[in-house]
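Below: one structure, written as structure tokens.
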Amino acid sequence: MKFVICLTELAGFTSYTGGVGRRYAATIPELARQGHDVTVVLVADSAIVSAPAEIDGVTVVVNTDLVRLPWRLRSLPRVLLFRRILSRIEAENVYVPEWLGSCSFAPRNVNLVTNLVASLGLITEIAGPDAVARRSALKSWLDRFQIWCEDRQIRRSMAVIACSSAILDWNSKRFAGKLPDGRVVANCINVERASGIARTAQVPHLWPTGPGPVVVFAGRVQLIKGIDVAMSAFRDVAAQFEDARFVIAGGEGDTTIDPSLEQLQSELDPSLRDRTVFLGQIDEESLYACMREATVVVCPSRWEAFGNIALEVRASGGVLIATTGSGFSESCDDMVDSLLVEPGNPEALAAAIIRVVSDATLRARLLEDGRRRVDDFTASTTAARLSLQLESIWN
């Protein structure tokens, strides 16, 4: 089967990549190995660190025009760039995430399938009206345009493939029964690669030293990721363990709606200032090393479409606390491979942290079961499931 994958980030190519860029980097070579003729169109949203013409037999078409523009002004040029490139290469079947609505103006002859991963509409809903009200007039207009593009792309699609049942259900409600044919194919990571990196990677030089437990918050500093919940829980944990230290491993989100690192530091409880380290955005190797060395890693998201980070924590050799009610449930079983707590509840998160820190037997069991379960979410397994669904749709 011949098809095109459209992206704005890709691990190994773009200087910034989140879970989407790492997941596609793991899946794309597997699709080629399974016999598909895949072309990647990468309209980069950050600087290019490497740009080979192909990777593992997959042709990669790279465009860097957006990097020259202020990021706030990229929405319209982005959709026009993708339309132009898809027309030039005469794309027929296209698979693309809904984030940014990159293919909302794809040529009419394109058979579009959208991957539901995390739309701005969803993020805005979770952030709430107070956060939205803090946006400038320009930012508010640009966000509405992005949401319109994402919705247009979804409506324009032949079908949607969701990374979890949770995000498929959310979109079904949003589109009030008019969502295209929906399927679920769980996310994946390159498990072997993540485990290999974690075994040898070095922690950042700011990593705390000493014998006490280290609690790591892994994720961008965003309200949707529960950074405020984590900071509140840390206070209760600090009162229980005098030698506990806390590490924030993630860069800033959108500071018009999320707290900046500087704001978090300035508002930090005085009793925590000498016990909390803000690493900011760190590279993949450093992140995996932090997960490996942590006593426990917390991902207290208010909502996750899937939560690739849950797989990365366990592949790295970390013990995970995540949240109920969204995409984490696709790959996590409470008290089996992780602990799951109610989102937005700092008391529940603190109690779970204290429980894990206090119980070495529980930590060892969660670590063992977590690492074994993550093998269900390898790139080859996900690529095979994705292939079946795409073939079913396009044939």
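Every read-out reported here was derived from the displayed coordinates using simple, explicitly stated rules and does not represent laboratory data. All of these numbers come straight from a predicted model, not from anything done at the bench. Virtual Cβ from ideal backbone geometry, glycine too; neighbours counted across all protein chains shown.
Worth pointing out:
- Distance between the stretch 57-103 and the stretch 148-176 - C-alpha centres, whole angstrom: 20 Å
- Protection-proxy order for peptides 181-187, 58-64, each taking the mean of Cβ atoms within 10 Å per residue, highest first: 181-187, 58-64
- In the frame of its principal axes, the chain has Cα extents of 63, 47, 41 Å, reported largest first.
- Chymotrypsin sites (Phe, Trp or Tyr not before Pro) restricted to the stretch 134-180 and DSSP loop, no more than 16 other C-beta within 10 Å: Phe175
- Length added when fully stretched, Thr64-Lys178, from 0.36 nm per residue minus Cα-Cα: 37.5 nm
- Amide H contacts of Gln281 (H built 1.01 Å from N, under 5 Å, at least 5 apart or other chain): Gly251, Glu252
- Counted over all Cα-Cα pairs of the stretch 71-187, pairs farther apart than 17 Å make up 56 percent.
- For Gly182, distant residues with modelled amide H under 5 Å away: Val160
- Extended-chain gain in nm, criterion 0.36 nm per residue less alpha-carbon gap, Arg355 and Gln240: 40.3 nm
- Cleavage-rule hits, GluC sites (Glu not before Pro), the stretch 217-278, DSSP coil, Cβ neighbours within 10 Å at most 12: Glu242, Glu267
- Rounded to the nearest 5, the antiparallel percentage of DSSP beta bridges internal to the chain is 5%.
- 0 to 90° range, to nearest 10: angle between helix 165-174 axis and the chain longest Cα axis: 60 degrees
- Qualifying trypsin sites (Lys or Arg not before Pro) in the stretch 4-99, DSSP loop, other Cβ atoms within 10 Å at most 14: none
- Counting only alpha carbon atoms, the long axis of helix 346-358 and the longest principal axis of the chain meet at about 70°.
- Sorting 294-301, 104-111, 7-14 by average packing, meaning the other beta carbons within 10 Å per residue, from highest down gives 294-301, 7-14, 104-111.
- Dipole-positive endmost among Ala44, Ser266, Gly250 within the chain (Cβ charges, Cα centre): Ala44
- Helical contribution to [θ] at 222 nm, DSSP H n ≥ 4, -39,500 (n - 2.57), averaged over the chain, rounded to 500: -13000 deg cm²/dmol
- Nearest-0.05 FRET efficiency for Glu192 and Leu362, computed from C-beta distance (R0 22 Å): 0.25
- Net charge of neighbours whose Cβ lies under 13 Å from the Cβ of Ala201, counting Lys and Arg as +1 and Asp and Glu as -1: -2
- Annotation: amide H of Ser338 within the under-5 Å range of Asp333, sequence separation 5 or more or interchain, hydrogens built in the peptide plane.
- Taken one residue at a time, the phi angles of the stretch 312-320 give Karplus couplings (6.51, -1.76, 1.60, θ = phi - 60°) of 5, 4, 6, 5, 7, x, x, 9, 10 Hz. Gly and Pro are set to x.
- Charge dipole magnitude, Cβ of K and R +1, D and E -1 - the chain, Cα centre, debye nearest 20: 1140 debye
- Nearest-ten-degree value, helix 360-373 long axis tilted from longest Cα axis of the chain: 10 degrees
- Applying the Karplus relation 6.51 cos²θ - 1.76 cosθ + 1.60 with θ = phi - 60° to the stretch 137-147 yields 3J(HN,Hα) values of 4, 5, 4, 4, 5, 5, 5, 5, 5, 4, 4 Hz, where x marks Gly and Pro.
- Annotation: extensible slack from Glu285 through Ala133 equals 51.0 nm (criterion: 0.36 nm per residue apart, minus Cα-Cα distance).
- Taken over the alpha carbons of the stretch 191-376 as equal point scatterers, the Debye sum produces base-10 log I(q)/I(0) values at 0.08, 0.11, 0.16 Å⁻¹ of -0.21, -0.41, -0.93.
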